[in-house]
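Laboratory data are not the source of any read-out in this text; all were calculated from the coordinates shown. As the structure is a prediction and not an experimental result, all values here were calculated from the model. When we count neighbours, we look across all protein chains shown, and the Cβ atoms used for this are built from the backbone with ideal geometry, even at glycine.
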Amino acid sequence: MNLVLIIAGGSGVRMNGRVPKQFMNISGRPVIIHTLSVFQKNKNIDAICVACLGGWEKWLQKSAEKYGITKLRHIAAGGKTGQESIFNGLTLLGNLYPMDSVVLIHDAVRPMVSDEIINNCIRGVKKYGNAVTAIDCYDAMMITSDGKTSHQFIPRELLRRVQAPQGFKLSDILMAHKIANNRNIKNTVTSCTLMAELGWPVYFSRGSEKNLKLTYATDIEIFQALLNENDK
């Protein structure tokens, strides 16, 4: 089984909007529907679970029905942190599906994910046990302790910019989250950083500059421009 866990538990405070960014309407459809539609169309995906912000569950179910997202089978409770949302979704999936299933963890606000990225991630999990979507770092990277000055840099060839989806065997990532909870690791940035914090190696799969995460208002402008380009 190839499963997808979409994380939609955030309140979107950095966007400064009235509606959480994953539920904003962009070019006629909510952001999360743009995202879900890609996984809906991918022939390798069997089922989708969304860890949803509280109070939006019924809206999500109705929207999925409206836009034909038939692979949305489960809605889990969103948590206070991304890590908690992921754990809630993984726990639900762990009670329903074989532990050797592949699970791709993806951001609801990363709607430009492509079939190629999804399939690369699935192949990576099957070959290496996990696969984290990433791209090369082309910018110079400086280290600062005060946010104003620096006299150190990190060679960019040593760095990767991590995206999503991040794929794992369901048994492995669920175990990692349980271990993290036992060690009081509560608020890691993302699944791959949690794995690294536990000392588990992660493998990269190829991402794309277009696979942006909608974090700030300027990201919405870029997303709309990409949608317009695709419509030409």
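Numbers below:
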| read-out | value |
| --- | --- |
| Contour excess over end-to-end distance, with Cα ends at D115 and E221 and 0.36 nm allotted per residue | 35.9 nm |
| Gyration tensor verdict on the range 16-71 (Cα atoms; rounded if a/c is under 1.5, prolate if a/b is larger than b/c, oblate otherwise) | prolate |
| Potential extension, R123-Y203 segment - 0.36 nm per residue separation minus Cα distance | 27.7 nm |
| Protection proxy ranking of 202-209, 139-146 - average other beta-carbon atoms within 10 Å, highest first | 202-209, 139-146 |
| Shape call, the range 140-232: gyration tensor on alpha carbons, a/c limit 1.5 | oblate |
| Neighbourhood charge, 14 Å Cβ-Cβ cut-off, centred on S205 and excluding it, Lys, Arg +1 and Asp, Glu -1 | +3 |
| DSSP beta bridges in the range 80-232 [antiparallel fraction, %, rounded to 5] | 80 |
| Gyration tensor (alpha-carbon) shape descriptor, the range 63-173, a/c threshold 1.5 | prolate |
| Calculated FRET value between S37 and A77, using beta carbons and R₀ = 25 Å, to 0.05 | 0.60 |
